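Nothing in this text is a laboratory measurement; each read-out follows from the coordinates by a stated rule. Since we're looking at a predicted model, the values are computed, not measured. Here the Cβ positions follow ideal geometry from the backbone for every residue, glycine too, while neighbour counts run over all protein chains shown.
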Amino acid sequence: MLWSPEAELLFGFSAAEALGRNAGVLLVAPENRSRSRELFERVRTGASWAGVFPVRHKDGSTRRVEFRTMQLRDARGDVHALGLGTDADTVRNVERDLALSHILVSQSPVGIAVFDTDLRWVRVNPSLERINGVPEEAVLGRRVGEVLPALDVEAIETRMQQVLRTGEPLLDQQTIGRTAADSEEHAYSESYHRIEDPNGRALGLAMAVIDVSERQRAAAEVAKARERLAVIADASVRIGTTLDLHQTARELAEVAVPELADLAAVDVLDSVVGPGGTAAIRRDGSLDFRALAVAAGYPTDAIETADPVGQLTSYGSSRVITQSVREARPILLRRVSGATTRRIARDAAAAETLRRAGAHSCLATPLMARGEVLGALSLYRTVNAQPFDDQDLTLATELATRAALCMDNARLYGREHNTALTLQRSLLPQKPPHYAGIEVASRYLPAVSEVGGDWFDVLPLKHGKVGLVVGDVMGKGVHAAAIMGQLRTATRALARLDLPPAELLYHLDDIAASLGDSDSMATCLYVVCDPWRGRCELSRAGHLPPVLVDPAGRAEFFDIPSGVPLGVGGVPFRAEERELAEGTLLVLFTDGLVERRGESIEVGLQGLLRLLGGTRLPLEETCDMLLGTLNREPDDDVALLLARRRSCSGPTFRGTPS
């Protein structure tokens, strides 16, 4: 009997303990010996046998051993039996592993390939056959580039060589290309692993391949959706920063490029920027437009084809923009050909310029707000090779809708602003008349953003006296201007009764309260100047005090109790009298002159005193100097009234009521 070291490990008996002894007695339990002799005889006669047989271990336990037995003959012709054995449980585990490996390779949806060290195919599973579009027998023994030249063969083989050399796997490597299975390009994710023997010697490598084209497309769609959301978020911040129609149009055009289009133009109906009314469609279907903004994402001659900003142009019925506005719906020309280029250009020369610039796709969407079409946003692609699609149309419509509401707000605000300004100026006095003994100059400046209720007035009173009024109605717009007009009219009526300042403000307070609106509250300063006696009396209702500049040039505030604003009701007003020497300057103003956002009003008041101290300028120049210095960016209306006492030539004067 021959005995190997592996037999010693399996059965527990050393060679010295086993050699020379009967194997049936040494290794087989008595109840199994007849069966072992039967099997041994079969092998001696030339038959082979394979199976599991219980064997007695040296420690007394019984082990299940998987045998492979066969007949052997030596040089003398003697018959021997060769038995190859191993633990049966180990064999079962190996068989299960092999079966599982076969199932995984043959049935896996992942493409699997095995290559030798020369990078030649030695195995391909069915999934990879489908991905490659080539059967296994057609690739065995060949390299990747010989079968699939449309892939990035250099990159693939470089990765394979790196894995063979280092033993480190490479996972999720991206390849873009075509296989024989499809003429379209696909995206593949590849993972590479080195195959080694138990001693670490490289036998080849395995590659797993997954077609991730759908995943890539989905990721691209998600990324594109995020870009669209970013454009919308950007638009919500950048469009409508001011109530200026032209600025809003520029903001819309600038948001649209280059994320959505290479060229964008914003045109509105002429009726939108005109005095109002409905846009007139002529018999031939044409409409009058006014270009408000144009923007390009890249330097391009195509920008010259847009109508000049501010220019009034009539667009024919065949123009895409006219059709979009007339039908109140977006128009998408995915592909612009020579025949359709004329529909997006103002004339043949512009069409040729667009063609040379590469314009190949166009989208026009109406600017609609509150059920009214204001104009259209026109978008073009020249550099971006992709034509506009339905998602681009949705995004353009969203931008146009947001911008149109801002533009309509700006339009309505502009109309209200102009109305309020017209009303305000019509209610204010024109150039003050000349009065004996007193020189007057005035200014009214509306706020940049919105007209308020500031006013001033110069009133001729009995006995050569002159009334000076400055007031400020709380609130903005037409309503404030209307309230201002009522209070100004009431003031002029009360002044004709020759009432003292405090009493006049008392009656004016009643009138303001009777208007029944919190917005009818106002501040007011009323001064009665008597140039003949050289005196002035004044009272104020919540208003800033006037500045008194004496003949020596010393400027100070006329410090009297401020009182409460008109409209509060029930609070008496106080008046004070002061000498008005010849050459004395009185400066009445509203808070818009000295108030600045982010600064204490005291800063503006002290600045006013510094400017007036020592001034010897004529009144008109003094007005200009004050406004130019203190009112650089007016956030509020400003009413400014200057009065200087001068010598009286006699008892006769102009401007005194009979």
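Given an 8 Å cut-off on Cα distances and at least 6 residues of separation, report the relative contact order of segment 221-416 as a percent.
On the way: 384 pairs, mean separation 49.0, N = 196.
Across segment 221-416, relative contact order equals 25 percent.
Just check segment 503-584 against the gyration tensor rule for me: Cα atoms, a ≥ b ≥ c as the square roots of the eigenvalues, rounded for a/c under 1.5, and otherwise prolate or oblate depending on whether a/b exceeds b/c. Verdict is prolate for segment 503-584. Would you mind pulling out the separation of the Cα centroids of segment 379-397 and segment 526-559, in Å? Segment 379-397 and segment 526-559 have Cα centres spaced 67 Å from each other. The mean sequence distance of close C-alpha pairs (under 8 Å, at least 6 residues apart), as a share of the length of segment 487-579, puts its relative contact order at 31 percent. Both radii were evaluated on the Cα set of segment 536-627; the Rg over Rh quotient, with Rh as the Kirkwood radius, amounts to 0.99. Basic side chains Lys and Arg get +1 at the Cβ, acidic Asp and Glu get -1 at the Cβ, and with that the dipole of the chain about its Cα centre reaches some 780 debye. Inter-part distance, segment 576-649 to segment 152-197, computed on C-alpha centroids, equals 83 Å. Label-to-label distance for V122 and R215 is 2.8 nm, based on points extended 7 Å past Cα in the beta-carbon direction. In terms of the ratio Rg/(2.2 N^0.38 Å) built on C-alpha atoms, what value belongs to segment 428-645? My calculation over the Cα atoms of segment 428-645 gives 0.94. Within the same chain, aspartates and glutamates fewer than 8 places from K476 are excluded, and of the rest, those with a Cα less than 19 Å from its Cα are D244, E416, E450, D454, D517, D519, D591, E595, E633, D635, D636, D637.
Per residue, how much space in cubic angstrom lies within the convex hull of the C-alpha atoms of segment 107-242?
It comes to 144 Å³ per residue, whole-number rounded.
Gyration tensor over the Cα atoms of the chain: the corresponding equivalent ellipsoid has semi-axes (square roots of 5 times the eigenvalues, largest first) of 103, 35, 20 Å.
In this rough spin-label picture, where each label sits 7 Å from Cα along the Cβ direction, the A349-A155 distance is 4.9 nm. For segment 37-170, the Kirkwood radius over C-alpha pairs fed into Stokes-Einstein at 37 °C and 0.692 mPa s yields D = 169 µm² per second.
With a Cα-only, solvent-free Debye model of segment 290-393, what are the log10 I(q)/I(0) values at q = 0.20 Å⁻¹? Values returned for q = 0.20 Å⁻¹ are -1.09.
Taking only C-alpha pairs under 8 Å that are 6+ residues apart, what is the relative contact order of segment 108-211 in percent? Please report the intermediate quantities before stating the final value.
Numbers: 205 pairs, mean separation 30.8, N = 104.
Relative contact order of segment 108-211: 30 percent.
Dividing the summed -39500 (n - 2.57) terms of all DSSP H runs of n ≥ 4 by the residue count of the chain sets its mean residue ellipticity at 222 nm at -11000 deg cm²/dmol.
Dividing the radius of gyration of the alpha carbons in segment 221-416 by their Kirkwood radius gives 0.94 for Rg/Rh. Stokes-Einstein, applied to the Kirkwood radius of segment 563-605 over Cα pairs at a viscosity of 1.002 mPa s and 20 °C, places its translational diffusion at 154 µm² s⁻¹. Over the C-alpha atoms of segment 475-550, the Rg to Rh ratio, Rh being the Kirkwood estimate, stands at 1.01. When both segment 445-508 and segment 4-40 are represented by their alpha-carbon centers, they are found 129 Å apart.
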